[in-house]
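Student: Dumping the structure here so I can ask a few things about it.
The values are calculated or read from the model by the stated rules, or taken from the named source; none is laboratory data. All values reported here derive from a predicted model rather than from experimental measurement. All Cβ positions, glycine included, derive from the backbone under ideal geometry; neighbour counts span all protein chains shown.
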Amino acid sequence: MLDDAPVDEDLITTASNRTARRVPPLEVDGLTEHEILAYAPPLVCDRVHWDTVDEFDAHRVVPFLCERLDAPVHTRQWSDGQHRVWVPAGRGHEARDLLRAWCAEHEVEELNMRVQCSVPFRDLSLIPEPLLPDLVAAAVDWLFPRLHAVRRRLVADLDLVEDDDVRSMMYLFVSDHLDRFDADREGRNGQLTLLAFLIGKLRTWPQDAARQAYGRGVVGDRLALARAAEAIAAPRRPTSPPGR
């Protein structure tokens, strides 16, 4: 009777029922990615994000929200230029109303303010230096040479972007997404690694980047349309007939 063939524990079945190899966990300065991210435990929060017509720093509203909500509030800048705050789960709509009132009082023109409920979040500022940038660099070093198709799509879809630009863009992408990684999540192939999480997000990166690059002008268009609508709806003063 023949012995059973050895089982390759690195082989997994993907969501599209293909056979692939398990994506390894990262290690930086002798610490695993799980140990590094443990400095910033995962939270479940509501996220409020919005645009403004002029430059704005969301850190300005954090003390105000902390006082009004009597709860911790976090903010973190992403590369897409939108403003974000994370508040305790279930209080996102309350925070949105407070933010709208604050913006009106301080003459800040906000646009498209919306709430996303019960999203994962990590306060990455709790991770000691230089572990966080080293973790980002390790992720990029592993991903960049393996994602030729994504790189080609970025160069093809975005004007003025060359292949030499993609590596620095990938640093920003990885940094943006680290705060939403849930290291305790279990998938069909066991515990989700950071690289596996990022690969899933990178699949839609080219179209998201194109939307960001070509869609920012829409903010100005929306403002102009809103002002035009207000002007049309405003009551008009009666005019005197000619000659009077």
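Student: Being under 20 Å from the mean Cα position of the chain (by Cα) and among the acidic types (Asp, Glu) is the filter here; which residues of segment 25-75 pass it?
Tutor: Passing the criteria: Glu33, Asp46, Asp51, Glu55, Asp57.
Student: Now for a separate question. Listed residues Ala210, Ala183, Ala233, Ala229; which is within 18 Å of the chain's Cα centre (by Cα), farther than 24 Å from Glu35 by Cα and either surrounded by fewer than 10 Cβ atoms within 10 Å (Cβ to Cβ) or modelled with pLDDT under 85 (or both)?
Tutor: Ala210
Student: May I ask you to verify whether Arg100 is surrounded by fewer than 16 Cβ atoms within 10 Å (Cβ to Cβ), touching a residue at least 24 places away in the same chain (Cβ under 8 Å) and of a type in the set (Lys, Arg)?
Tutor: Answer is no for this residue.
Student: Quick check on my filter: what residues within segment 64-95 are in a strand (DSSP E or B) and farther than 26 Å from Trp205 by Cβ?
Tutor: Val87, Pro88
Student: On the given criteria, is Ser175 surrounded by 14 or more Cβ atoms within 10 Å (Cβ to Cβ), closer than 20 Å to Leu26 by Cα and among the polar types (S, T, N, Q)?
Tutor: yes
Student: If you don't mind, another one. Condition first: within 14 Å of the chain's Cα centre (by Cα) and assigned to a loop (DSSP other than H, G, I, E, B). Now tell me which residues in segment 114-128 satisfy that.
Tutor: Scanning segment 114-128 gives Arg122, Asp123.
Student: Which of the residues that make up segment 113-147 are at pLDDT 95 or above, among the basic types (Lys, Arg) and surrounded by fewer than 15 Cβ atoms within 10 Å (Cβ to Cβ)?
Tutor: Result: Arg114, single match.
Student: Related question: Scan segment 6-24 and tell me whether some residue there is at pLDDT 85 or above, of a type in the set (A, V, I, L, M, F, W, C), more than 19 Å from Phe121 (Cβ to Cβ) and surrounded by 13 or more Cβ atoms within 10 Å (Cβ to Cβ).
Tutor: yes
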